[in-house]
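S.K.: Below is the structure I would like to discuss, written out as structure tokens.
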There are 2 protein chains.
Amino acid sequence: MSSRPMPLSVDLPVKDMPAAPRLPAIQKTDPRALEVGLQQRLSASDEPGAALGRLGQLVLQLAAIQATDERRFERITLISPQLLVFAADHGVADEGVSAFPQAATLRRVLHMLQGQASVNRLVDLQGFELSVVDAGVATHIRLPDDAPPVVPLQLRKIGYGTRNITLSPAMSRAQAVAGLHAGMDVVRHLPGNVLAIGSVGVAGSACASLILSRLCGVQLSDACGVNAGNGQDEALAQRKLERLFAAASRHRKATAPLDVLAAMGGYEIAMMVGAMLQAASERRVVLVDGFVAGAAALIARCLVPEVDGYLVMAHRSSEPGHRLLLIHLQTQPLLDMELHMGQGMGALLAWPMLLAAQRLLEP
Amino acid sequence: MSSRPMPLSVDLPVKDMPAAPRLPAIQKTDPRALEVGLQQRLSASDEPGAALGRLGQLVLQLAAIQATDERRFERITLISPQLLVFAADHGVADEGVSAFPQAATLRRVLHMLQGQASVNRLVDLQGFELSVVDAGVATHIRLPDDAPPVVPLQLRKIGYGTRNITLSPAMSRAQAVAGLHAGMDVVRHLPGNVLAIGSVGVAGSACASLILSRLCGVQLSDACGVNAGNGQDEALAQRKLERLFAAASRHRKATAPLDVLAAMGGYEIAMMVGAMLQAASERRVVLVDGFVAGAAALIARCLVPEVDGYLVMAHRSSEPGHRLLLIHLQTQPLLDMELHMGQGMGALLAWPMLLAAQRLLEP
């Protein structure tokens, strides 16, 4: 593949950004304090205690997120669910690590903005509000004049795609911090108490694999397995692994979460980390979509461990690394539908499970 | 446990029932004829072909059920979904093979009829109509005068519980056939084109394990594994296995599907078999709930293999045998929530996935 020169010129200026982010305080949830009371209410109709299986655990988690006083907790109330899809490009796409050209990111974003993607249909069906956030798509997002957007686009571009991580860090530390803060800021202005978080961006899963490998000590070859569903063939898989080894080797000194994010992450990942932390600090339920959002959840948990209780993993995708990531997060996703797309599809599919959990506690 | 005398007196008369059931003709579905066209429509928005994973497969299955002419298939239309919960008791409960006394069946049925069970909440949430069918509860179902039923009860009792299968066949061949026909008849009078099928009845899973073991050649000890979620302890598991071995040994000559059903099945299982066959013959989508309904699906498939294309397996329960059953049916369930209850809970939880599939093909 072409070795694009380091695109210094496409960065946007980041003014006066501190080297360390201002992270919000997150209150630790305490499901155990509620467990006995909820089990009694759930089993009132003569089903055995554990009959509801993981649905019962979901009830407990949602209750713990919303219970400010466990003695007076009455019911789960899910209000005005929001879906944020963070879009960004990755310089490493130049290395041919994806089955799709980088331009596919923009096309997918345009489809979403015009209401033509699969995710738009499920957004309507499930009663979500969708916003697309341009965290760092490689080009200016511009819709044709005769097709105005039906979905709001938030302009938060940190840069026109990250740098090629086989040649340099994906972004500067200041850019990573700016991404975190932008993600936090986007969430601050959203209504509701449920936030689903997904992403779109060619080669995003390559970055997720690198983050998983570095932060969890997973072999890179396991973290970026081959997947036929993505149209990847054996040669592509081999090339991807080889280029990611090169990137991991170049950034071998990056081990702290923010360093890993800056070295091998992406703008959308940085913003998702910030969005998750902010949402949890406001006691929102955070519904985490696919593998790339999962990598953001991993970083978020490293930064503020208390975020954990607010994260609901929506699904396990067909990305082999996603399974390992969920194991390391010590969590089970609600669905396992072998989806191979981000954009919040899995989160939207899983949403009715949260509604069911809410309903079970209604008087 | 007490060895109840063979309760011949509690059978209801079965008049002039033929030894072989009149089974409806079922048209074989042909998903492959639709595959190319649907893939094109689903991937119109630039997602790769297999991106939707098992959701895409569900779209294909539902389309194949509804497509009378694959060249003119437009959209999936799911109308007026119905949930039938078949209730029955099993004489083998006398042998202490369940963590619950037989009386729990009646209590659960009453809760459902009075709208107090978990399933009632999800029925409302998902927009289903629920009917409870008394296929053979051991007592007369009677609600207190001051608590009229909010859910219709269909009186189709074949007998007051089956016989204890460690001592005799569960039911006569004529009763099995009567059960099949009753199940078919119940479905004939239902509106809509989606039928979810669940069951309730203490020791039903013991019968399901025996059916699975006999029809699929699965070791009985694998088919009736221990499950802590059901409140079963080690001693109970040991007793259950021992008593089921005795039953399997007594009925070792039963190998044909209807013989297995009569020897070791239950009234609710017989009716579910009939209901599934009838629903498929009317091209309804059949959403199969838990392990016991799965055993009915197994028998239905033995009787009329074409039923297969109409069955959507809703979930994998925490019953160890259920996993094996699904493997033998060569199908994957939509959900894996470790539920340990029947009554259609898993089917109701899985329903939004069908709505999502429907929505993806809408113009």
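S.K.: Provide the per-residue ³J(HN,Hα) series for the range B:149-163, in order, calculated from phi with Karplus coefficients 6.51, -1.76, 1.60 and θ = phi - 60°, each as a whole number of Hz, with x at glycine and proline positions.
M.R.: Each residue's phi maps through the Karplus curve to give x, 9, 10, x, 10, 9, 8, 10, 4, 8, x, 8, x, 6, 6 Hz.
S.K.: Using only helices, what value at 222 nm comes out for chain A when you add -39,500 (n - 2.57) per DSSP H run of length 4 or more and divide by the total residues, to the nearest 500 deg cm²/dmol?
M.R.: Result for chain A: -13500 deg cm²/dmol, rounded to the nearest 500.
S.K.: Let me ask another. Quick check for me: using +1 on Lys/Arg Cβ and -1 on Asp/Glu Cβ, what's the dipole size of the range B:240-357 about its Cα centre, in debye to the nearest 20?
M.R.: 340
S.K.: Could you order A:113, A:12 so the one with the most accessible surface comes first? Probe is 1.4 Å.
M.R.: A:12, A:113
S.K.: State to the nearest 20 debye the size of the charge dipole of chain B about its Cα centre, where the only charges are +1 on K and R beta carbons and -1 on D and E beta carbons.
M.R.: Computed charge dipole of chain B: roughly 720 debye.
S.K.: Could I ask something else about it? What quantity of accessible surface, computed with a 1.4 Å probe and excluding non-protein components, is buried in total between chains B and A, in Å² to the nearest 100?
M.R.: For chain B against chain A, roughly 3900 Å² becomes buried.
S.K.: Please list the non-local residues whose amide H lies under 5 Å from the amide H of residue A:287, H modeled 1.01 Å from N, same-chain partners needing a gap of 5 or more.
M.R.: A:195, A:196, A:197, A:312
S.K.: Give me the Debye-computed log₁₀ of I(q)/I(0) at q = 0.08, 0.11, 0.14 Å⁻¹ for chain A, equal point scatterers on Cα only, no solvent, two decimals.
M.R.: Calculated log10 I(q)/I(0) at the listed q: -0.37, -0.69, -1.10.
S.K.: Shifting gears a bit: Return a whole-number percent for the relative contact order of chain B, with Cα pairs under 8 Å and 6 or more residues apart as the contact set.
M.R.: 23
S.K.: Relative contact order (percent) for the range A:230-362, with alpha-carbon contacts under 8 angstrom and 6 or more residues of separation?
M.R.: The value is 20 percent.
S.K.: Just to be sure I understand: of the beta bridges DSSP finds with both ends in the protein assembly as shown, what percent are antiparallel, rounded to 5?
M.R.: 5
S.K.: Whose amide H sits under 5 Å from the amide H of residue A:158, counting only residues 5 or more places off or on another chain, with H placed in the peptide plane?
M.R.: Answer set, sorted by chain and number: A:136.
S.K.: Based on the Cβ-Cβ distance of residue B:282 and residue A:140, what FRET efficiency does E = 1/(1 + (r/R0)^6) give at R0 = 56 Å, to the nearest 0.05?
M.R.: With R0 = 56 Å, the Cβ-Cβ based efficiency is 0.55.
S.K.: Taking each label point as 7 Å beyond Cα in the direction of the beta carbon, state the distances from residue B:306 to the same residue in the other copies, shortest first, in nm.
M.R.: Copy-to-copy label distances for residue B:306: 6.3 nm.
S.K.: Nearest 20 debye, what's the magnitude of the dipole of the protein assembly as shown about its Cα centre given +1 on Lys and Arg Cβ and -1 on Asp and Glu Cβ?
M.R.: 540
S.K.: In whole Å, how far is the Cα centre of the range A:68-132 from that of the range B:98-157?
M.R.: Distance between centres, Cα-based: 41 Å.
S.K.: Enumerate the calculated ³J(HN,Hα) couplings along the range B:61-69 in order (Karplus 6.51 cos²θ - 1.76 cosθ + 1.60, θ = phi - 60°), each rounded to whole Hz, writing x wherever the residue is Gly or Pro.
M.R.: These are the phi-based 3J(HN,Hα) values: 5, 5, 4, 5, 5, 9, 7, 7, 9 Hz.
S.K.: Could you sort B:283, B:107 by accessible area so the largest value comes first, with the probe set to 1.4 Å?
M.R.: Final ranking, largest accessible area leading: B:107, B:283.
S.K.: Per residue of the range B:284-301, in order, report the coupling 6.51 cos²θ - 1.76 cosθ + 1.60 (Karplus, θ = phi - 60°) as ³J(HN,Hα) in whole Hz, putting x for Gly and Pro.
M.R.: Karplus-based 3J(HN,Hα) across the range B:284-301 equals 7, 6, 10, 9, 8, 6, x, 5, 5, 4, x, 5, 5, 4, 4, 5, 4, 5 Hz.
S.K.: So, one more: From the label point of residue B:256, set 7 Å from Cα along Cα→Cβ, how far away are the matching label points in the other copies, in nm, ordered shortest to longest?
M.R.: Result, one decimal in nm: 7.7.
S.K.: Just to confirm my numbers, what's the Cα centroid distance between the range A:281-338 and the range B:304-362 in Å?
M.R.: With the range A:281-338 and the range B:304-362 each reduced to a Cα centre, they are spaced 25 Å.
S.K.: At a 1.4 Å probe, what is the % contribution of carbon and sulfur to the accessible area of chain A?
M.R.: Here it works out to 50 percent.
S.K.: Using a Gaussian network model of chain B with C-alpha springs under 10 Å, which one of B:290, B:201, B:53 is most mobile by mean-square fluctuation?
M.R.: Looking only at B:290, B:201, B:53, the largest GNM fluctuation is found for B:53.
S.K.: With an 8 Å cut-off on Cα pairs and a minimum separation of 6 or more residues, tell me the relative contact order of the range A:78-142 in percent.
M.R.: Result for the range A:78-142 is 55 percent.
S.K.: Here is a further query. Sort B:168, B:281 by heavy-atom solvent-accessible area, probe 1.4 angstrom, most to least.
M.R.: B:281, B:168
S.K.: Oh, and also: Counting Lys +1, Arg +1, Asp -1, Glu -1, what net charge surrounds residue A:255 among other residues with beta carbon under 15 Å of its beta carbon?
M.R.: So the surrounding residues net to +4.
The values are calculated or read from the model by the stated rules, or taken from the named source; none is laboratory data. Just so you know, these numbers come straight off a predicted model, no measurement behind them. Positions of Cβ are generated from backbone atoms using ideal geometry, with glycine treated the same way; all protein chains shown enter the neighbour counts. Ligands, DNA and RNA are stripped out before the accessible areas are found, and what is left, the full protein with its side chains, is counted by its heavy atoms. Shrake-Rupley method; radii C 1.70, N 1.55, O 1.52, S 1.80 Å.
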